[in-house]
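Colleague: One structure, pasted below without further comment.
No lab work stands behind these numbers, since they all come straight from the coordinates. Values in this document were obtained by computation on a predicted structure and should not be read as measured data. Positions of Cβ are backbone-derived with ideal geometry, glycine not excepted, and every protein chain shown enters the neighbour counts.
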Amino acid sequence: MRILKTISILVKALIIPGIFILTSPSCKKAGGGGPGSTDTVGRPPVTTPPVFNINSIEDEYADVAALSDYANWGPYNVHDPSIKKINGEYYCYSTDVAFGATPPAGIQVRKSADLVQWSFVGWAFNGVPSVASQYISSGGGTANNALWAPYIIQVGSELRLYYSISSATCKLSAIALATATNPEGPWTQKGIVLGSACNLAMTNAIDPTVVITPGGQHWMYYGSAYDGIYIVQLDPATGLTLHPGDVGKRIANRGFTNGQYNGNIEGAEIIYHPQLKKYFLFIAYDWLETKYNVRVARGDNPDGPFYDYNGTDVNTNIDHIPMIIAPYQFSGHGGWQGTAHCTVFDDGAGHYFIAHQGRPGVDFYYMDLHVRKLFWTPDGWPVASPERYAWEGDSTVTAAVLTGDWEQIDLGYQVVPGYQAEQVSPDLQVAVTLSVAADGTFNGSSSNKWSYTAPWLTLSWNGGRTDQLFVQPGRDWENKKSTIIFTGLNNTGMAVWGKKK
């Protein structure tokens, strides 16, 4: 569940081809803004941008956090991103939130040609659309002065932007739809897709994601806490529910301890993989500032059932694996937490990516956009790169390059039932040293054997554990240099990450 504190301030907007550049602040989201500031906004002067240097991307960004520096937000202040490649560029739409400032309401918009250098475009809407606020007021509540968790999808020449509106009233939320023909707008409001309330036996109506089947059906997945992840069928022609008033059915849930959720379940993402002919459902577990992590399930049909690594229906009341992204810490770095509510997309050439917020351990109110390559195991499970994308290609490495010392992270997990008050620790998964020897052993034990058939490295541990790891060149973001990375699953379904020292 999310809690929002709002400050209503008069907003003035300058319209720039359908994107609104706000000139005064209007909202604040708990869990997003850090030590509050009362910035006033003045548009920065137009200057010639310097040549981009990847090392200019920092974990913390206090020097450009003020609203007057919105043009420099780039990969910063990104929460709940939705990314798609549109007209040759990647567009990112995200929640109204910022570090140490009260950002305008209206969905933040960014774009990039290469998934590394991002430019801030503006806001999709000028404040909270009236159709959204009126829905909340009609239910007896007051709409939050912020929009959450947008989702973008293209249907023919039409772009459909779904977004969430909520309130402090129990489960009084809604998902609305706006359309455009240009990713930078202008946007036309099409109405409320569906809503929730405490007297309805359903999940909270936020966090939408949509898949279009090969046969042309449209399905929306949504929900946060209360009753898991739901699915509802949409009308392909309108983008609204196929059957008015339908809220769908539950398709995913998680475990309980003494009658309490083991933590939040929300932020679903869905894709269809045409080569594997399967639907992949990605879900966020736990509190968004700390233990936030990504689980994944797969199924043959869009409306389920979806199964976890152990072949269990994810609509059963247990916690499901694999967990493919979680809070982590490589050596010499404070670590990253809050690493979930992902977006999954492809480049149109067979490469998949997964992106999410990352909060640096030194101050978890910062929110950075993390974009990672996504790989697929031989048995059809997605695994994420341990490091952010940095233009690396698809080249493989030789076995000789593997020898030496690595940093290895096992993405383990400890259940802490509850939400913000209980999940105060990020449960960082910390790197340990992995030493790979030229004689085919590792970690100094003749009982530990490794083998390599590019790009797959197999670690066979004494005791029966086996890691199957995808290897390729990557970037060591913690030390700002090139390296070799690996990612994969072991035979119990636990994700394993590594990078060469």
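Colleague: How many nm separate the modelled label positions at THR458 and THR169, each set 7 Å beyond the Cα in the direction of the Cβ?
Modeller: That separation, rounded to one decimal, is 6.0 nm.
Colleague: Tell me, what is the FRET efficiency for THR398 and LEU242 to the nearest 0.05, using R0 = 41 angstrom and their Cβ-Cβ distance as r?
Modeller: That gives a FRET efficiency of 0.15.
Colleague: Set the bar at 26 Å for Cα to Cα. Now go through LYS449/LYS499; LYS291/LYS499; LYS190/LYS291; LYS84/LYS373; LYS449/LYS480; LYS449/LYS481 and name every pair that lies beyond it.
Modeller: LYS190/LYS291; LYS449/LYS480; LYS449/LYS481
Colleague: Determine the gain in length on full extension of the stretch THR213-ASP63; use 0.36 nm per residue of separation and subtract their C-alpha separation, reporting nm with one decimal.
Modeller: 49.5 nm
Colleague: Quick one: which residues, 5 or more positions from LYS190 or on another chain, have an amide H under 5 Å from its amide H? H modelled 1.01 Å from N in the peptide plane, none for Pro or chain starts.
Modeller: Here LEU177, ALA178, THR179 satisfy the definition.
Colleague: From the Cα gyration tensor of the chain, with a ≥ b ≥ c the square roots of its eigenvalues, which class applies: rounded if a/c is under 1.5, or else prolate if a/b is larger than b/c, or else oblate?
Modeller: prolate
Colleague: Still on this model: Evaluate E = 1/(1 + (r/R0)^6) for GLU89 and TYR272, where r is the Cβ-Cβ distance and R0 equals 25 Å; express this FRET efficiency to the nearest 0.05.
Modeller: 0.65
Colleague: Give me the extension gain from HIS351 to VAL432: residue separation times 0.36 nm, minus the current Cα-Cα distance, reported in nm with one decimal.
Modeller: 26.2 nm
Colleague: Let me ask you something else. Once every DSSP H run of n ≥ 4 in the chain is given -39500 (n - 2.57) and the sum is divided by its residues, what mean residue ellipticity at 222 nm do you get, rounded to the nearest 500 deg cm²/dmol?
Modeller: -500 deg cm²/dmol
Colleague: Take GLN260 and THR181, extend 7 Å from each Cα along the Cα→Cβ direction, and tell me the distance between the two endpoints in nm.
Modeller: Here the modelled spin labels are 5.4 nm apart.
Colleague: Still on this structure, I have one more. From the backbone phi of segment 490-498, what are the Karplus-calculated ³J(HN,Hα) couplings (6.51 cos²θ - 1.76 cosθ + 1.60, θ = phi - 60°) in whole Hz, Gly and Pro given as x?
Modeller: Those phi angles translate into 9, 6, 9, x, 7, 6, 10, 10, x Hz.
Colleague: In terms of modelled amide H atoms, which long-range or inter-chain residues lie less than 5 Å from the amide H of MET323?
Modeller: ALA495
Colleague: Please work out how much length the chain gains when fully extended from ALA421 to ARG465, using 0.36 nm per residue of separation minus the C-alpha to C-alpha distance, in nm with one decimal.
Modeller: Answer, rounded to one decimal: 12.3 nm.
Colleague: While we're here: Nothing charged except the Cβ atoms of Lys and Arg (+1) and of Asp and Glu (-1): what's the magnitude of the dipole of the chain about its Cα centre? Round to the nearest 20 debye.
Modeller: 460
Colleague: Is the shape of segment 49-159 best called rounded, prolate or oblate, per the rule: a/c under 1.5 gives rounded, else a/b larger than b/c gives prolate, else oblate, with a ≥ b ≥ c the square roots of the Cα gyration tensor eigenvalues?
Modeller: In terms of gyration-tensor shape, oblate.
Colleague: Oh, and also: Rounded if a/c is under 1.5, else prolate if a/b is larger than b/c, else oblate: which is segment 176-216, with a ≥ b ≥ c the root eigenvalues of its Cα gyration tensor?
Modeller: Oblate shape, in that a/c is at least 1.5 and b/c is the bigger or equal ratio.
Colleague: Just order 409-416, 439-446, 288-295 by mean Cβ neighbour count inside 10 Å, highest at the front, would you?
Modeller: With the highest mean Cβ count within 10 Å placed first, the list reads 288-295, 409-416, 439-446.
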